[in-house]
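Everything on this sheet refers to the single structure shown next.
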Amino acid sequence: MDQAREQLREVFGFGDFRGRQAEVVERVMDGCSTLGVMPTGAGKSLTYQLPATLLHGTCIVISPLIALMHDQLRAARANGIRAATLTSADADWRETMDAFRAGALDLLYVAPERASQPSFCDLLTAAPLAMFAIDEAHCVSEWGHDFRPDYRQLRPLMDRFGDVPRLALTATADAHTRSDIMAQLGIPDEGLVVAGFERPNIRYAIRHRDNPVRQLTQLMEDHPGPGIIYAPTRRKVEDLAAKLAAATGRPVLPYHAGLEPGTRARHQAEFVASEEVVMVATIAFGMGIDKPDVRFVAHAGIPKSIEAYYQETGRAGRDGDPAQATMLWGAEDFARARMRLAEMPEDRREGDRKRLDTLANLVETAGCRRAILLRHFGEDPPQTCGNCDNCLDAPEVIDATEVARKFLSAAYRTGQSFGFGHLQKVLTGADDERVLAKGHDHLTVFGIVEGEEAALLRPVSRALQARGALVATEHGGLTLGGDARDILKGEASVLMVKPPKQARRGRKSRSG
Ligand code: ADP
Ligand code: ZN
């Protein structure tokens, strides 16, 4: 490893390894296949580029995006590494192949499609190989969020060169995807290195969204520094930006793909240069932006996945100073996400459903948020972190199983086609025209909820939707899903955070 450290200084100009880079490099140098799971920006490329400059032979790098490959190529060449790409966008593939055969390449970048071409396999037998590096390795798994069938051809190819070590790299892999990657690519169990997902200076908080403008105004008042607020649609971005600017008097700028490129660039530049600008943006914003002093990141609705949440909140507090990550969520967010899930091709659905369940769990938990996040990324965190909303102010947990069963059976007995309002009327025995017209006053569930339980109906409906036991249809009807039947049979319970006492506000809140 002394040699590797020296090379790190001389070729890459870095004083030391970061995170668990050293471990990965050492394994690969010893010829051991490895899966490195590290967040974006952790320095994954170095873990194959460095061994490639030291080991005998060429390192074959599989990378899914040509644009990405060419960036990497430029960076590698700038460090004096002998590198080339072999893609459909290259005109000089003949020279590249000659250079490879002559053993004059440290790195050869190729797209996964190559792997299934016999001519490529032949080429690889023509010169010694140092290692295989598989970038974005989650693409090999149907459990990952970006499955690419071509990645499945890598294993047969690599098996032809059985003693050449494999290094798979990814930023996003939950436990299930990870073991799948290792199985699919032939990496032994002890070859897993997970690192660097902990961001101790970020304080996580997740709240129900009851009045987003008021809630975000409060957040901005608590955090005078620069911030990013993610909103789900362009319209919501515009709307929130205008309202928050008016409410706080602070500079608040919108950012989304529908803005003029010039406006977008100007807003981004203003944000990067400023110590107080708040950017309200769609997820189009953030990639490649390096602003270390972002003091808060807020989500006005649930993020796309737990990976996205980690990545987006990770833009806060890169300077290491305290920063806040706040998410506001509503049941309709989960309803929409579960509807999208139902429209997906079957083979993709399972993994995405799991990810959504984890997100629901993160939102619903009375326990430590960070523990859920870190466990998802394969780390082994303590039970409490002391720096998330639930650790700082432990919420009271109630057992809402009985109310949940009543609610689910009302949904079931009314034919799984009515929304919250109607079910609430049935359960509380309301004297309502539509309830009577449908004959729902004759059901056994009519009027079985009263008093304290009635106040729990909305939060219970929300919790059931988040965990997928209730699924909203396009027409607003609630159908049973997930573990609804287990709850009804008394085999699963519904524990939830005790909802805060709210002043009755008529029917204004539509976020049930
Ligand atoms: P990833 O692929 O994990 O997203 P990159 O490989 O692009 O990350 O590296 C992110 C940045 O970190 C790059 O600018 C790289 O030069 C830098 N970097 C990598 N390793 C080190 C190190 N040991 N010390 C300092 N900077 C590093
Ligand atoms: Zn915590």
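The values are calculated or read from the model by the stated rules, or taken from the named source; none is laboratory data. Because the structure is predicted, anything quoted here is derived from the model rather than measured. Virtual Cβ from ideal backbone geometry, glycine too; neighbours counted across all protein chains shown.
Scanning the stretch 268-282 for residues being out of contact with any helix residue (DSSP H, G or I) (no Cβ under 7 Å at 6 or more places or on another chain), in contact (Cβ under 8 Å) with a residue 40 or more places away in the chain and surrounded by 16 or more Cβ atoms within 10 Å (Cβ to Cβ) gives a total of 2.
Screening L108 with (1) away from ligand 1 (no atom under 16 Å from the Cβ); (2) outside any strand (DSSP E or B) gives one miss only, at (2). Tallying residues that are closer than 13 Å to T401 by Cα and of a type in the set (D, E, K, R) within the stretch 460-494 yields 5. When the residues of the stretch 378-430 are narrowed to those that are of a type in the set (D, E) and in contact with a Phe, Trp or Tyr (Cβ under 9 Å, 6 or more places away or on another chain), which ends up farthest from ligand 2 (Cβ to nearest atom)? Applying the filter and picking the extreme gives E379. From the list T87, T34, T96, the lone residue that is within 16 Å of P165 (Cα to Cα), away from ligand 2 (no atom under 16 Å from the Cβ), among the polar types (S, T, N, Q) and crowded, with 16+ Cβ neighbours inside 10 Å is T34. Whether any residue in the stretch 142-156 is away from ligand 2 (no atom under 16 Å from the Cβ), touching a residue at least 12 places away in the same chain (Cβ under 8 Å), closer than 24 Å to A22 by Cβ and touching a Cys at 6+ places or on another chain (Cβ under 9 Å) is what I want to check. No: zero hits. Checking each residue in the stretch 306-336 for being closer than 22 Å to D174 by Cα and either touching an Asp or Glu at 6+ places or on another chain (Cβ under 9 Å) or in a loop (DSSP other than H, G, I, E, B) (or both) picks out I306, E307, G314, R315, A325. Yes or no: A4 free of Cβ contacts under 8 Å to residues at least 60 places away in the same chain, under 30 Å from the mean Cα position of the chain (by Cα) and not in a loop (DSSP other than H, G, I, E, B)? For A4, the condition - free of Cβ contacts under 8 Å to residues at least 60 places away in the same chain, under 30 Å from the mean Cα position of the chain (by Cα) and not in a loop (DSSP other than H, G, I, E, B) - is not met. Within the stretch 452-473, residues that are free of Cβ contacts under 8 Å to residues at least 40 places away in the same chain reach partners that are assigned to a helix (DSSP H, G or I) and surrounded by fewer than 21 Cβ atoms within 10 Å (Cβ to Cβ) with beta carbons closer than 6 Å, at six or more positions or on different chains, in the pairs A454/T428.
Among the residues of the stretch 164-190, those identified as modelled with pLDDT of 95 or more and part of a loop (DSSP other than H, G, I, E, B) are V164, P165, G186, I187, P188. Within the stretch 197-207, is there a residue that is out of contact with any Ser or Thr (no Cβ under 8 Å at 6 or more places or on another chain) and either among the β-branched types (V, I, T) or assigned to a helix (DSSP H, G or I) (or both)? Within the stretch 197-207, not a single residue is out of contact with any Ser or Thr (no Cβ under 8 Å at 6 or more places or on another chain) and either among the β-branched types (V, I, T) or assigned to a helix (DSSP H, G or I) (or both).
Within the stretch 401-415, is even one residue at pLDDT 95 or above, in a loop (DSSP other than H, G, I, E, B) and within 19 Å of A472 (Cβ to Cβ)? So far as the stretch 401-415 goes, yes, one or more of its residues are at pLDDT 95 or above, in a loop (DSSP other than H, G, I, E, B) and within 19 Å of A472 (Cβ to Cβ). Each residue in the stretch 436-454 was checked for being crowded, with 20+ Cβ neighbours inside 10 Å and outside any loop (DSSP other than H, G, I, E, B), and 1 of them qualify.
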